[in-house]
1. For region 189-234, with equal point scatterers placed on the C-alpha atoms only and solvent neglected, what are the log10 I(q)/I(0) values from the Debye formula at q = 0.15, 0.24 1/Å, to two decimals?
2. With both partners inside the chain, how many of the DSSP beta bridges are antiparallel, as a percent to the nearest 5?
3. Work out the P(r) tail for the chain: percent of alpha carbon pairs separated by more than 21 Å, whole number.
4. Rounding to the nearest 10 and keeping the result within 0 to 90°, find how far the Cα-based axis of helix 191-206 lies from the longest principal axis of the chain.
5. Taking the Cα centre of the chain as origin and charging only Cβ (+1 Lys, Arg; -1 Asp, Glu), how large is the dipole, in debye to the nearest 20?
6. Rounded to the nearest 500 deg cm²/dmol, what is the calculated helix-only ellipticity per residue at 222 nm for the chain, with -39500 (n - 2.57) per DSSP H run of length n ≥ 4?
7. In terms of modelled amide H atoms, which long-range or inter-chain residues lie less than 5 Å from the amide H of residue 210?
8. For region 64-115 and region 176-194, what is the separation of their C-alpha centers, rounded to whole Å?
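The values are calculated or read from the model by the stated rules, or taken from the named source; none is laboratory data. In this text, all values refer to a predicted model and were calculated from it rather than measured experimentally. Methodologically, a virtual Cβ is constructed for each residue, glycine included, from the backbone with ideal geometry; neighbour enumeration extends over all protein chains shown. Each accessible area value is taken on the protein alone, full model and side chains, heavy atoms only, with ligands, DNA and RNA left out. Shrake-Rupley method; radii C 1.70, N 1.55, O 1.52, S 1.80 Å.
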Amino acid sequence: MNPLTMDPVSPAPAAQPFIEARGLRKSFQSAAGGETVLRDVNVSVRTGEVLAITAPSGAGKSTLLKILGTLQAPDAGTLTYGGVAVDFRDQRQLARLRASRIGFVFQRFNLIPFLDARENVELALKLRAMPQRQRHIQALDALDIVGLAHKCRALPATLSGGEQQRVALARAIAGAPSLLLCDEPTGSLGQDAGQRIFELLQSFAQLHDRAVVLVTHNESLARQATRRLYLHDGCLQGGAP
Ligand SMILES: Nc1ncnc2c1ncn2[C@@H]1O[C@H](COP(=O)(O)OP(=O)(O)O)[C@@H](O)[C@H]1O
Ligand SMILES: [Mg+2]
């Protein structure tokens, strides 16, 4: 069965907290001294939602996404996935969590230029013990979901910016993650291509037990999200910026 499409395409019945972050704190040391980027971040991500996070450049959005994606450890605070606490010292737990539950989409696509669209998507599945034939099928399914199955043999340079970002999205969802973390994924796209990506993110969030966290500068997209929060002075808050 195809894990991307086997779930019913209907909103999750009750919005369950899926990820809970409590009291996240993160500082960096530089030549100029210490800088506290995240002071006290508390956030719950619920299934079925696209949670938009906005803030000026340098406010700590990428740092927060990396912590939520377990790529970076906080200095303090807790993170739970489906009620299970993340132990940032346990590399095996982290690797398992990332490979099975988390997908990343970045602003600059990060596609490998000498691999075609399908090979780029397949690369994300190579971390899994999965026969090559299965990887092929899942990569094609993911490209089909983003409307690019017909471009599976195309090299990134021959695709438009919007198409490249859709390949990057296919790569992120190919492993059927529960959570998509998107760091300004429409930042280098025009309004129409950005809107298209946003609509794909919305459809993804509607799949059973899925959620999307979207960091964006795009006001029009942030307004369409299920919920939006602002990162201000190291804390996440609702209401006006
Ligand atoms: N690995 C790092 N080492 C030192 N400083 C960092 C590191 N990562 C981020 N920072 C600093 O933390 C601040 C927030 O960065 P970032 O999370 O990338 O912000 P945003 O994504 O909102 O633009 C910036 O001042 C940046 O220089
Ligand atoms: Mg950033």
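1. Listed by q, the Debye log ratios stand at -0.42, -0.92.
2. The antiparallel proportion sits near 55 percent.
3. 57
4. Approximately 90 degrees, to the nearest ten.
5. Working: 27 positive and 21 negative charges, 92 e Å.
Around 440 debye, computed over the chain.
6. Rounded to the nearest 500, it is -9500 deg cm²/dmol.
7. Here 48 satisfy the definition.
8. Measuring centre to centre over Cα atoms gives 17 Å.
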